[in-house]
Amino acid sequence: MSEEFIITGQVLSFTASPFECDIPTEAVQLHEAVLIRDGSVVDLGTRAAMQALAPAATLRDHGGDLVLAGFVDAHVHYPQTAMIASWGKRLIDWLNSYTFPEEMKFGDRAYADDIAGRYLDLTLAHGTTTVCSFCTIHPESVDAFFTAAQARGQRVVAGKTCMDRNAPDGLRDTAQTAYDQSETLIDRWHGIDRLEYAITPRFSPTSTPEQLEAMGALWRAHPTCLMQTHLSEQTDEIDWVKSLFPNARDYLDTYEMFGLLGARGIYGHAIHLEERERHRLREFGAALVHCPTSNTFIGSGLFDMDGLMAEGQRIGLATDTGGGSSFSMLRTMAAAYEIGQLRGRPLHAAELLWLATQGSAQALRMEEKIGNIAPGMEADLVVINLASTPAIAQRSAQAQDLWETAFATIMMGDDRAVSQVYVAGRAI
Ligand code: GUN
Ligand code: ZN
């Protein structure tokens, strides 16, 4: 017997990218209801039409709430959950002072299990159904994360973070152990249920050329894996990269020359890009991930959303927990809006919602499965209360249309706005 139900509310479905329409709202259709069967979306339309299609289906009425595809957070570090919001450092000092000492703890499987579960529960409560996470150098940290995600039925991406230099004792592997341990984890987890593996060199300063070479070879041997890393986050980081790799044409080249540039590559931050880097990223169809709360929190810079979108880059949105200061994709959309304003390009609510769902799904090459509500897609959904606090309610009360209402929640909302989450059709 198949499980069927109909969700009603203001069901938002994208028909195109709002960045590619003259008017962003032309990319969106609103429906009264969506029919779910066995964890997937069957169809959208009026409540009556869905009931005619499935007369026996249970009804789950969400009133005037906004029903969206679950948020997709395209770049996070789940092991940084317990040290989020650590004060006052810039990137390299922040890594050495706060991040590496915390990541050291993940050799302990029980600790890794605790944080992995805590992280996934926190992010689900914020409406995020898919994340793409860095783990730590320890294979246990990857096992813990995939085990916790599998138990929750979630589609996630993760990988062992590889580092063989410029990291403390106890937090370094080698080119060979990085290859071997990553490959064992790929064999164990990649493609199991909804889990996907990302080959994960942390960033070029913490890998020797030999390790980057090994990661490139691993990717060639496992081309269906994603590959995630960091790129051009802070200017002093870029100077350091250039001094470590004197033969590289630019930061991206430190990946490119080792076979670490590709269509399934995901490059976090990508703020201070040179012309050649932009050209090559677009040529390969690689994904850039905008991490706005992190970029302001660590003081990294202002991502060029408008210029990069206009040249046809593939762009996702992410919290970058715990360099980012929030677990919330609503807060992350607000920060993206603020950075857009500082660059003279106010993003429309439809564009922000698209980035947090379909844009990030495209970055992870999962746009056929998640990140939108459309027939055949997996039913990962978030239901948003558009009047979740007194401050938001009084603003929504005088909004002229859905976009004004949604924008108030994007700017001021948090986990209190999330009234329900569905993972593969299952209410959480
Ligand atoms: N660059 C290398 N590692 C990290 C990290 O953990 N967080 C951020 N924001 N940038 C990085
Ligand atoms: Zn990161």
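The values are calculated or read from the model by the stated rules, or taken from the named source; none is laboratory data. This structure is a prediction, so every number in the text was calculated from the model and none was measured. Every residue, glycine as well, gets a Cβ built from its backbone with ideal geometry; the counts of neighbours run over all protein chains shown. What goes into the accessible areas is simple: the full protein's heavy atoms, side chains included, and nothing from ligands, DNA or RNA. Shrake-Rupley method; radii C 1.70, N 1.55, O 1.52, S 1.80 Å.
Each row is one residue, and each column tells you yes or no for (1) within 15 Å of ligand 2 (Cβ to nearest atom); (2) part of a strand (DSSP E or B).
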{"site": "PHE258", "(1), (2)": "no, no"}
{"site": "GLY262", "(1), (2)": "no, no"}
{"site": "ILE266", "(1), (2)": "yes, yes"}
{"site": "LEU273", "(1), (2)": "no, no"}
{"site": "ASN295", "(1), (2)": "yes, no"}
{"site": "LEU308", "(1), (2)": "no, no"}
{"site": "PHE327", "(1), (2)": "yes, no"}
{"site": "LEU330", "(1), (2)": "no, no"}
{"site": "MET333", "(1), (2)": "no, no"}
(message) Which residue is nearest to ARG264 (Cα to Cα), if the candidates are limited to the range 191-227 and must be part of a helix (DSSP H, G or I) and of a type in the set (D, E, K, R)?
(response) ARG220
(request) Give THR129, THR147 a once-over and let me know the one that is under 30 Å from THR409 (Cα atoms) and away from ligand 2 (no atom under 16 Å from the Cβ). (result) THR129
(message) Restricting to the range 8-22, name every residue that is in contact with a helix residue (DSSP H, G or I) (Cβ under 9 Å, 6 or more places away or on another chain) and either of a type in the set (Val, Ile, Thr) or farther than 17 Å from LEU355 by Cβ (or both).
(response) THR8, GLN10, THR15
(message) Checking ALA263 against (1) small (Gly, Ala, Ser); (2) in contact (Cβ under 8 Å) with a residue 60 or more places away in the chain; (3) farther than 30 Å from THR184 by Cβ, only one condition comes out false. Which one?
(response) (3)
(request) Name every residue in the range 238-279 that is under 23 Å from GLY307 (Cα atoms), hydrophobic (A, V, I, L, M, F, W, C) and either open to solvent by 10 Å² or more (accessible area, probe 1.4 Å) or more than 14 Å from ligand 1 (Cβ to nearest atom) (or both), in order of residue number. (result) ILE238, LEU252, LEU261, ALA263, ILE271, LEU273
(message) I'd like the residue in the range 25-64 that is among the hydroxyl-bearing types (Ser, Thr, Tyr) and touching a strand residue (DSSP E or B) at 6+ places or on another chain (Cβ under 7 Å) and, out of all such residues, is least open to solvent (accessible area, probe 1.4 Å).
(response) SER40
(message) Anything in the range 51-73 that is over 31 Å from the mean Cα position of the chain (by Cα) and in contact (Cβ under 8 Å) with a residue 24 or more places away in the chain? List them, or say none.
(response) GLN51, ALA54, ALA56, ALA57, THR58
(request) Note down all Cβ pairs under 9 Å where the first residue falls in the range 148-174 and is among the β-branched types (Val, Ile, Thr), the second is surrounded by fewer than 16 Cβ atoms within 10 Å (Cβ to Cβ), and they're at least six residues apart or on different chains. (result) VAL156/GLN150; THR174/GLU210
(message) Please return the ranges of helices (runs of 4 or more DSSP H) entirely within the range 71-142 where 3 or more residues are crowded, with 24+ Cβ neighbours inside 10 Å.
(response) 109-125
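Quick grid of which residues meet (1) more than 10 Å from ligand 1 (Cβ to nearest atom); (2) of a type in the set (A, V, I, L, M, F, W, C); (3) surrounded by fewer than 24 Cβ atoms within 10 Å (Cβ to Cβ):
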| site | (1), (2), (3) |
| --- | --- |
| THR200 | yes, no, no |
| SER207 | yes, no, no |
| GLU210 | yes, no, yes |
| ALA217 | yes, yes, yes |
| ALA221 | yes, yes, yes |
| LEU226 | yes, yes, no |
| SER232 | yes, no, no |
| ASP236 | yes, no, yes |
(message) Looking at the range 90-99, can you tell me whether even one residue there is more than 16 Å from ligand 2 (Cβ to nearest atom) and closer than 27 Å to ILE199 by Cβ?
(response) no
(request) For the range 295-305, state whether one or more residues are without any contact (Cβ under 8 Å) to a residue 12 or more places away in the chain and either away from ligand 1 (no atom under 15 Å from the Cβ) or among the small types (Gly, Ala, Ser) (or both). (result) no
